[in-house]
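Asker: The structure's right below; bear with me while I get my questions together.
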Amino acid sequence: MARTPSTMLPLGTPAPDFSLLDPQGKPYALADFADAQALVVMFICNHCPFVKHVAAGIAQLANDYQPRGAAFVAIQSNDAEKYPDDAPAKMAEEIERRGYTFPYLSDPTQEVAKAYRAACTPDFFLFGGNRQLAYRGQLDASRPDNGKPVTGADLRAALDAVLAGQPVPAEQLPSLGCNIKWRTGNVPDYFG
């Protein structure tokens, strides 16, 4: 299982804008989440074992924090032609299977992933009400093969701080997962 860490986009970075479609063709943009006190942007996919490992935890996290004023959006940026399990029709099935209560959007050009400097699935970005990056990194310390439970502890602590108007914990560890499956010739320059 290949392990790719997140790039750790600099804290304070403004949330890059996006305009993407969900599997039913409904458009979503960053502005659609303007009223949220916090916004979690997640880069996930259907087939990655790291995402499968935390999918139920992601669904529970959203269920716990949406009533408190946080918004969630998931983005699938893998090359769906080479990885058909990540195509929009399969995304619709995943929404139903996992009980996701947030938009799950397709990024077919991979430009949104590049704007966020996303590197892996899952990759998490938390923006405060001012839409500046307050946290990026792992959901928690659980991995498919380490026996630690999926708690969402790291992202939960960051969400609690943002929603309370407090500083986010300084220690932020990179997420770890499968690399985003870039289209041929589309690998971002931030991979050197």
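Asker: Which residue pairs have Cβ atoms closer than 8 Å, lie 6 or more positions apart in sequence or on different chains, and pair a first residue in region 143-160 that is without any contact (Cβ under 8 Å) to a residue 12 or more places away in the chain with a second residue that is of a type in the set (Asp, Glu)?
Answerer: Every condition considered, the pairs that remain are Lys148/Asp140.
Asker: Kindly check whether there is at least one residue in region 122-134 that is buried (at least 23 other Cβ atoms within 10 Å of the Cβ) and assigned to a helix (DSSP H, G or I).
Answerer: Scanning region 122-134, I find no residue that is buried (at least 23 other Cβ atoms within 10 Å of the Cβ) and assigned to a helix (DSSP H, G or I), so the answer is no.
Asker: Which residue pairs have Cβ atoms closer than 7 Å, lie 6 or more positions apart in sequence or on different chains, and pair a first residue in region 110-130 that is within 11 Å of Ser77 (Cβ to Cβ) with a second residue that is in a helix (DSSP H, G or I) and modelled with pLDDT of 95 or more?
Answerer: Thr121/Phe50; Thr121/Val51
Asker: Yes or no: region 166-181 includes at least one residue that is free of Cβ contacts under 8 Å to residues at least 40 places away in the same chain and either surrounded by 19 or more Cβ atoms within 10 Å (Cβ to Cβ) or of a type in the set (Gly, Ala, Ser) (or both). Don't jump to the end; show me each part of the working.
Answerer: Keep residues of region 166-181 that are free of Cβ contacts under 8 Å to residues at least 40 places away in the same chain, which gives 166-167, 169-171, 173.
Still in the running and either surrounded by 19 or more Cβ atoms within 10 Å (Cβ to Cβ) or of a type in the set (Gly, Ala, Ser) (or both): 170.
Looking for residues that are free of Cβ contacts under 8 Å to residues at least 40 places away in the same chain and either surrounded by 19 or more Cβ atoms within 10 Å (Cβ to Cβ) or of a type in the set (Gly, Ala, Ser) (or both), one finds at least one in region 166-181, hence yes.
Asker: Residue check: is Leu133 of a type outside the set (Ser, Thr, Tyr), touching a Pro at 6+ places or on another chain (Cβ under 9 Å) and closer than 15 Å to Leu61 by Cα?
Answerer: Numbers: of a type outside the set (Ser, Thr, Tyr): yes; touching a Pro at 6+ places or on another chain (Cβ under 9 Å): yes; closer than 15 Å to Leu61 by Cα: no.
So Leu133 fails the test.
Asker: Only one of Leu20, Leu9 is surrounded by 19 or more Cβ atoms within 10 Å (Cβ to Cβ), within 17 Å of Arg136 (Cα to Cα) and either touching a strand residue (DSSP E or B) at 6+ places or on another chain (Cβ under 7 Å) or modelled with pLDDT under 95 (or both). Can you tell me which?
Answerer: Working: Leu20 fails: within 17 Å of Arg136 (Cα to Cα).
Exactly one of Leu20, Leu9 is surrounded by 19 or more Cβ atoms within 10 Å (Cβ to Cβ), within 17 Å of Arg136 (Cα to Cα) and either touching a strand residue (DSSP E or B) at 6+ places or on another chain (Cβ under 7 Å) or modelled with pLDDT under 95 (or both), namely Leu9.
Asker: Considering only region 44-121, give the helices (runs of 4 or more DSSP H) lying wholly within it that have at least 2 residues that are of a type in the set (S, T, N, Q) and over 16 Å from Ser6 (Cβ atoms).
Answerer: In region 44-121, 49-65 are the helices (runs of 4 or more DSSP H) which contain 2 or more residues that are of a type in the set (S, T, N, Q) and over 16 Å from Ser6 (Cβ atoms).
Asker: Within region 176-187, can one find any residue that is under 13 Å from the mean Cα position of the chain (by Cα), at negative phi and not in a strand (DSSP E or B)?
Answerer: yes
Asker: Moving on to the next point. On the basis of being on the phi < 0 side of the Ramachandran plot, of a type in the set (Asp, Glu) and touching a residue at least 40 places away in the same chain (Cβ under 8 Å), does Asp35 make the cut? Explain how you work it out, then say what you get.
Answerer: Numbers: on the phi < 0 side of the Ramachandran plot: yes; of a type in the set (Asp, Glu): yes; touching a residue at least 40 places away in the same chain (Cβ under 8 Å): no.
When the stated conditions are applied, Asp35 does not pass them.
Asker: A follow-up question, please. Out of Val112, Val40, Val51, report the one residue that is over 12 Å from Ile180 (Cβ atoms), aliphatic (A, V, I, L, M) and within 13 Å of the chain's Cα centre (by Cα).
Answerer: Details: Val112 fails: over 12 Å from Ile180 (Cβ atoms); Val51 fails: over 12 Å from Ile180 (Cβ atoms).
Being over 12 Å from Ile180 (Cβ atoms), aliphatic (A, V, I, L, M) and within 13 Å of the chain's Cα centre (by Cα) holds for just one of Val112, Val40, Val51, which is Val40.
Asker: Thr7 is checked against (1) closer than 20 Å to Gln66 by Cα; (2) touching a Lys or Arg at 6+ places or on another chain (Cβ under 8 Å) and fails just one. What number does that condition carry?
Answerer: (1)
Asker: Scanning region 120-150 for residues that are under 13 Å from Ile44 (Cβ atoms) and hydrophobic (A, V, I, L, M, F, W, C), which turns out nearest to the chain's Cα centre (by Cα)?
Answerer: At the first step, the residues of region 120-150 found to be under 13 Å from Ile44 (Cβ atoms) are 120-125, 139.
Checking which are hydrophobic (A, V, I, L, M, F, W, C) leaves us with 120, 124-125, 139.
Numbers: Cys120: 9, Phe124: 4, Phe125: 6, Leu139: 10 Å.
This residue is Phe124.
The values are calculated or read from the model by the stated rules, or taken from the named source; none is laboratory data. As the structure is a prediction and not an experimental result, all values here were calculated from the model. Because the Cβ atoms are built from the backbone with ideal geometry, glycine has one as well, and the counts that use them run over all protein chains shown.
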